[in-house]
1. With the requirement that a residue be more than 7 Å from chain A (Cβ to nearest Cβ) and modelled with pLDDT of 95 or more, what does segment B:109-122 give you?
2. Would you confirm whether or not segment B:170-179 contains a residue that is outside any helix (DSSP H, G or I) and within 8 Å of chain A (Cβ to nearest Cβ)?
3. Filter segment B:216-271 down to the residues that are modelled with pLDDT under 90, surrounded by 22 or more Cβ atoms within 10 Å (Cβ to Cβ) and more than 15 Å from residue B:284 (Cβ to Cβ) and list them by number.
4. Among the residues of segment C:63-81, what is the count of those that are crowded, with 17+ Cβ neighbours inside 10 Å and either in contact (Cβ under 8 Å) with a residue 40 or more places away in the chain or of a type in the set (Asp, Glu) (or both)?
5. From the set of residues in segment B:45-73 that are surrounded by 19 or more Cβ atoms within 10 Å (Cβ to Cβ) and among the charged types (D, E, K, R), which is nearest to the other protein chains (Cβ to nearest Cβ)?
6. Are any of the residues in segment B:199-217 without any contact (Cβ under 8 Å) to a residue 60 or more places away in the chain and not in a helix (DSSP H, G or I)?
7. Checking the conditions here, which among A:41, A:22 is hydroxyl-bearing (Ser, Thr, Tyr) and touching a helix residue (DSSP H, G or I) at 6+ places or on another chain (Cβ under 7 Å)?
8. Residue B:206 - would you say it is at pLDDT 95 or above and more than 12 Å from chain A (Cβ to nearest Cβ)?
Amino acid sequence: MTIPRRNWAAALAVLPAQDLVSAAEAIAATCLVSDLVLPQSGLALLTLRDGAFHEPFHLGEVPVARAQVVLRAPDGREAGGGAVLLDDRSNIARAVAILDGALAGRLPGWETAAALVARGSAARAQSLAEYQHLLASTRVDFSLLGQPGEDDDA
Amino acid sequence: MGYVAIKGGRAAIDGAAAAAEFLRARDESGEPLRLSAIEHQLRLLTSRVISEGGLYHPRLAALAIKQFQGDTLEAAFALRAYRSTKPRLMALPVQPSTSMRCIRRISSAFKDIPGGQMIGPSYDFALRLLRFDLANEDPAAFQAVARRFLGAAPPADLPDSFPKVLDALRGEGLLPPVAASQGEPFDITREPLVFPVSRSAALATMARAETGSLLAMAYSNMRGYGDVHPTVAELRVGYLPVLVPHPVTGEPMEAGEVLMTECEVVAMYESGNPDALPMFTLGYGACFGHNEVKAISMAILDRALQKGMRDGPENPSEDPEFVLLHVDGVDSMGFASHYKMPHYVTFQSDLDRLRTTQDKARAPRTEVGHESKL
Amino acid sequence: MPKLKAHMATHDLWLPPMQQLLFRDLLHAFSYPGQVRTCRAAEPMTWLALLAALLDGEVGLADPHGMVPAGQWPMLEAVPSTPERAAFIIADGARALDFEPRLGSLESPETGATLLLRVAFLGEAAGAEHLSLSGPGVRDRTGLAVTGLHPSWLKARAGWVAAFPLGVDLLLCDDCRFAALPRTTQVQRRGDKWDM
């Protein structure tokens with residue numbers, strides 16, 4: 001798994017909810033899943049530093065869902081999993097936490113989790129490529145200003 | 001005269017809801033609006049409602065727009081009402097806005113900025129001529145638009161993020177350095193504004209203010225009821241990654257990204273004191289979603305309010321109480337709308353008082369020495 | 001999703017239906033001070049069930065006697081705090097009092113602490129201390145029998161609640177029952193000449 005763990009949740013979050021839930025349920029059928037905190041959704045303030053004076057201020061609120069679990073495989077191996085998502089579905093956060101733990105600990109079912117992370121990463125990469133394309137296709141080339149022979153018509 | 005009863009009308013109220021639904025559904029196409037259509041094809045409308053609702057939830061903003069038939073004030077209200085039902089779950093670390101994945105980045109003050117200028121998706125240079133080809137848009141042609149745009153992609157070797165123009169100027173010594181202040185920012189969702197307020201309270205209030213209100217106030221300043229002659233140092237639109245500590249590893253992980261608009265304006269300021277040097281002053285505006293007019297207006301008002309808070313306001317746009325108490329769309333729309341609620345008792349007592357006063361004025365004068373009844 | 005609900009059944013104390021029922025019971029307990037209520041959650045530490053219903057991430061909890069099991073802190077979500085600053089305090093009522101809780105302020109009397117005290121038994125028992133209660137929510141007088149409450153608590157409480165609206169609200173908890181003593185309740189111990 002070449003994709004770093006800090007990108008797993010964001011990659012999984014773009015996939016259809018049912019795919020995440022099914023994969024998590026499959027892992028939970030084999031491994032014992034314990035919730036360390038109540039999977040919950042709510043709000044958090046998004047805080048930035050302003051560009052003029054670098055003073056912190058709250059831009060507004062974002063939905064967040066959070067879950068933290070411990071997985072125990074039949075052979076006794078344990079792994080912790082967690083997720084915080086900009087989402088209002090706590091069951092998705094829990095599913096992502098289970099996939100995060102299984103993948104990190106190479107527990108039974110980790111291959112499914114890895115495949116989902118790869119699929120989500122590809123989708124994210126596509127989004128990022130689209131942002132880049134919006135920039136690249138609209139880049140201003142000031143060097144073309146003032147060249148001889150240029151029309152003066154507006 | 002007895003009190004006028006304010007009971008009854010239940011059937012009429014239920015009927016009003018049904019009447020509004022009837023108008024919403026009276027579309028000859030017979031097709032209900034899909035939320036994705038609102039979110040994408042009306043993305044700027046959705047952006048506006050997201051920022052005025054104060055909650056970054058594009059899908060719910062689209063739903064609110066659909067439910068309230070396009071009324072942005074009501075839709076923002078619905079989003080605020082929704083957020084009031086959710087608990088405050090956690091605190092996020094302060095996010096560095098320099099990590100924004102820009103889709104638009106321009107400067108009108110400086111031509112050569114580190115990383116270059118990219119117009120991005122903009123109507124700034126478009127002719128305001130109606131495109132009648134959009135009237136009966138062919139679905140196949142519609143679907144081909146995205147494919148065609150992406151297919152013509154030049155190789156993109158752009159960086160993931162761009163430094164802020166002002167930071168680059170600071171690095172060159174053209175702007176004074178800033179201390180990273182550590183104060184706790186004001187939370188307008190928990191505390192009311194009690195004047196004088198901090199700048200963070202002003203920024204938070206304006207960030208979820210109604211666009212037209214901010215624009216009008218900023219415009220008054222631009223037109224001369226103020227001294228801010230601004231130039232846009234940088235305007236950027238893009239997706240800000242939101243980083244949080246991973247619950248297990250504690251390492252920063254990405255929880256998602258938020259579309260936002262950010263603007264810094266720079267203005268020359270001369271105090272009128274011949275001994276004082278003229279200097280640059282700065283203003284900052286930011287909001288959820290893609291809303292440039294709002295960010296620019298907010299930046300101008302930030303600059304105006306800084307002056308008003310320091311030297312005392314000379315114009316309405318410099319007066320924090322005048323600006324901050326009148327730009328919230330839910331507050332202002334709510335108050336305007338409440339005038340439609342029955343005020344029968346209030347008005348009845350006004351009428352009574354009017355009649356009494358008029359009767360007194362017409363009555364013959366009492367003799368001197370009599371007590372006059374009030 | 002059925003799988004999730006089946007899993008969460010082991011945590012039913014933490015699910016909204018149980019929490020709402022517990023909250024209702026707390027409301028009743030505070031409305032009728034001294035009335036002993038049975039905790040309906042299957043949780044031997046009654047006070048933990050009540051804290052589960054009361055707390056969230058926005059409030060502080062002090063645990064000076066180390067009663068909260070380590071694994072329960074993340075579930076409670078409360079911010080660990082000191083007894084002098086916390087909104088909620090859990091303490092062993094058998095031990096002597098050794099801190100000063102928040103009493104609130106005139107502008108914000110609601111910021112006075114809520115103190116949960118674990119006692120051995122609530123109700124008639126050999127060696128029980130008999131308290132006589134009066135005040136809002138009590139018709140004339142009512143009695144409350146408590147075993148295992150160190151005398152320093154009620155003695156200190158007399159001072160805490162002397163300047164209404166400031167004060168501290170108490171919840172006495174044994175293994176399965178609880179009773180509330182809001183700051184407005186006057187408490188007399190049988191045989192004592194002084195009001196608490």
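1. B:122
2. First, the residues of segment B:170-179 that are outside any helix (DSSP H, G or I): B:172-179.
Keeping just the survivors that are within 8 Å of chain A (Cβ to nearest Cβ) gives B:178-179.
Yes, there is a match, as at least one residue in segment B:170-179 is outside any helix (DSSP H, G or I) and within 8 Å of chain A (Cβ to nearest Cβ).
3. Result: B:226, single match.
4. So the count comes out to 3.
5. B:52
6. Quick first cut of segment B:199-217, residues without any contact (Cβ under 8 Å) to a residue 60 or more places away in the chain only: B:200, B:204, B:212, B:216.
Next cut, not in a helix (DSSP H, G or I) only: none.
Within segment B:199-217, none of the residues are without any contact (Cβ under 8 Å) to a residue 60 or more places away in the chain and not in a helix (DSSP H, G or I).
7. Values: A:22 fails: touching a helix residue (DSSP H, G or I) at 6+ places or on another chain (Cβ under 7 Å).
Just one listed residue meets the conditions, A:41.
8. Numbers: at pLDDT 95 or above: yes; more than 12 Å from chain A (Cβ to nearest Cβ): no.
Criteria not met by residue B:206.
The values are calculated or read from the model by the stated rules, or taken from the named source; none is laboratory data. Given the structure is predicted, the values throughout are model-derived calculations rather than measurements. Because the Cβ atoms are built from the backbone with ideal geometry, glycine has one as well, and the counts that use them run over all protein chains shown.
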